Number of protein chains: 2
Amino acid sequence: MTGYELTQFFESAAKWVWTAPQSQIYPLLRQMEKNGLIAGEVQLRGEKLKRTSYSLTEEGLAELRRWIAEPQPEPPTRDALLLQVLFADLVEPEECEAVLRNHIAEQRVKIRLWREHEARLLAGDTPLLRERLAHRDPKDHQRIGALKAHVFSELVRAAEQRVAWAEEAIGILHGG
Amino acid sequence: MTGYELTQFFESAAKWVWTAPQSQIYPLLRQMEKNGLIAGEVQLRGEKLKRTSYSLTEEGLAELRRWIAEPQPEPPTRDALLLQVLFADLVEPEECEAVLRNHIAEQRVKIRLWREHEARLLAGDTPLLRERLAHRDPKDHQRIGALKAHVFSELVRAAEQRVAWAEEAIGILHGG
DNA sequence: TACGTCATGTAAGCTGTTACATGATTTC
DNA sequence: GAAATCATGTAACAGCTTACATGACGTA
């Protein structure tokens with residue numbers, strides 16, 4: 001991919017699992033190339049406009065595989081909503097309820113998007129998945145698509161759990 | 001609290017909802033005092049050792065209330081485990097399974113700790129909760145404790161959901 | 001020719017992490 | 001007298017965010 005394509009990718013489906021701001025991408029690409037993880041190939045669009053398309057080197061693929069197979073440290077927790085509910089007794093119940101309802105609405109929007117993406121993965125219908133499957137034994141296609149879809153099903157279920165929890169919290173707020 | 005007490009607090013129960021490294025605490029306390037949110041009172045322990053105990057000013061309490069009642073922006077998602085499973089087809093199923101089992105074990109440890117803390121909150125049995133309740137109408141005690149316990153029940157349920165998901169993922173890995 | 005998209009960059013500033021550093025007091 | 005705990009700091013660095021900046025190409 002080029003830096004531009006990566007930027008768009010991180011602003012679309014990918015941001016649900018990992019995000020990177022545009023300003024990080026170009027410096028990082030250069031750094032990774034310097035470290036031999038990726039190799040850039042300069043292409044021409046028109047007469048003056050150059051674009052550099054990067055692909056993984058063998059070393060980069062090996063490093064990626066190492067990363068995938070290695071347990072990653074869990075990031076420190078910083079959950080603003082839980083903190084707000086912990087201190088809910090300092091404000092009016094209605095104020096806390098408004099915050100929770102806002103959160104519920106946000107989760108519902110995400111749930112809809114994730115469900116759509118999950119369905120597309122199960123149908124083998126996203127461009128990146130199709131490219132990935134092209135190099136793989138057809139008998140593995142179902143399994144690979146199912147695993148990727150399973151990732152999005154976790155996002156959906158976690159958000160649904162959160163919505164249910166927030167609704168219960170509203171009940172407790174009002175002395176339920 | 002003093003900076004030392006805050007440090008310990010963030011290294012114990014509080015870190016489950018919010019963490020702050022020790023190196024941040026003393027500079028932040030000075031900054032917050034400068035901004036009028038907290039006021040420090042210097043105490044003497046022995047002859048030479050001074051400790052500064054901070055408490056919220058009225059302005060600080062107002063600012064805290066404002067923060068609690070205001071929807072906080074959701075942080076960008078960066079979930080290493082989901083990313084590892086998304087790319088699981090690049091490694092052997094057993095390698096991915098090991099990562100998932102490691103995650104399951106970590107979650108189970110946390111679940112146990114959170115359950116204990118939840119029970120203590122429901123029984124009104126933590127020092128901070130008792131201090132908080134002391135200034136409140138006894139008829140609210142039950143509700144306040146229940147809300148705080150509900151926060152920890154969300155942590156527990158989210159982790160349990162995650163464990164169940166990881167077990168399903170292992171099944172899919174092996175062609176289930 | 002104007003607007004949208006393609007494509008790549010830089011700079012300032014904030015937050016957070018890791019690590020190091022120091023000295024007083026209490027306890028065994 | 002040694003070790004644990006109390007108590008407070010600092011420095012270097014990594015990572016991320018926000019914002020700004022520039023120019024080429026396609027198309028209506």
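Can you name every residue in region B:10-41 that is within 14 Å of chain A (Cβ to nearest Cβ) and either over 23 Å from A:Val85 (Cα atoms) or in contact (Cβ under 8 Å) with a residue 60 or more places away in the chain (or both)? I'd like the intermediate steps shown before the answer.
Pass one, region B:10-41, residues within 14 Å of chain A (Cβ to nearest Cβ): B:10-24.
If the condition is that a residue be within 14 Å of chain A (Cβ to nearest Cβ) and either over 23 Å from A:Val85 (Cα atoms) or in contact (Cβ under 8 Å) with a residue 60 or more places away in the chain (or both), then B:Ala13, B:Trp16, B:Val17, B:Gln22, B:Ser23, B:Gln24 are the ones that fit.
Taking only region B:129-144 into account, find how many residues are free of Cβ contacts under 8 Å to residues at least 12 places away in the same chain and assigned to a helix (DSSP H, G or I). Don't jump to the end; show me each part of the working.
First pass over region B:129-144, keeping only residues free of Cβ contacts under 8 Å to residues at least 12 places away in the same chain: B:130-131, B:134-140, B:142-143.
Now narrow it down to the ones that are assigned to a helix (DSSP H, G or I): B:130-131, B:134, B:138-140, B:142-143.
The qualifying residues number 8.
Considering only residues that are among the β-branched types (Val, Ile, Thr) and within 16 Å of the chain's Cα centre (by Cα), look in region A:99-136 and name the one that is farthest from A:Leu56 (Cα to Cα). Can you show your working first?
Residues of region A:99-136 that are among the β-branched types (Val, Ile, Thr), as a first pass: A:99, A:104, A:109, A:111, A:126.
Going one step further and asking which of them are within 16 Å of the chain's Cα centre (by Cα), we end up with A:109, A:111, A:126.
Numbers: A:Val109: 35, A:Ile111: 33, A:Thr126: 21 Å.
My answer is A:Val109.
Could you check region B:121-160 and list, in sequence order, the residues that are of a type outside the set (Val, Ile, Thr), surrounded by 17 or more Cβ atoms within 10 Å (Cβ to Cβ) and within 30 Å of B:Glu94 (Cβ to Cβ)?
B:Arg157, B:Ala158, B:Ala159, listed by residue number.
Do any residues in region B:52-72 that are within 20 Å of B:Gly3 (Cα to Cα) have Cβ atoms under 6 Å from those of residues that are of a type in the set (D, E, K, R), where the two are at least six apart or on different chains, and which pairs are they?
Cβ pairs passing all conditions: B:Ser53/B:Glu41.
Among the residues of region B:73-89, is there at least one that is within 7 Å of another protein chain (Cβ to nearest Cβ), of a type in the set (Ser, Thr, Tyr) and more than 25 Å from B:Met1 (Cα to Cα)?
For region B:73-89, residues within 7 Å of another protein chain (Cβ to nearest Cβ), of a type in the set (Ser, Thr, Tyr) and more than 25 Å from B:Met1 (Cα to Cα): present.
Rule-based calculations on the coordinates, nothing more; no lab input. Note that the structure is predicted; figures quoted are calculated from it, not measured. Backbone-built Cβ (ideal geometry, glycine too); neighbour counts: all protein chains shown.
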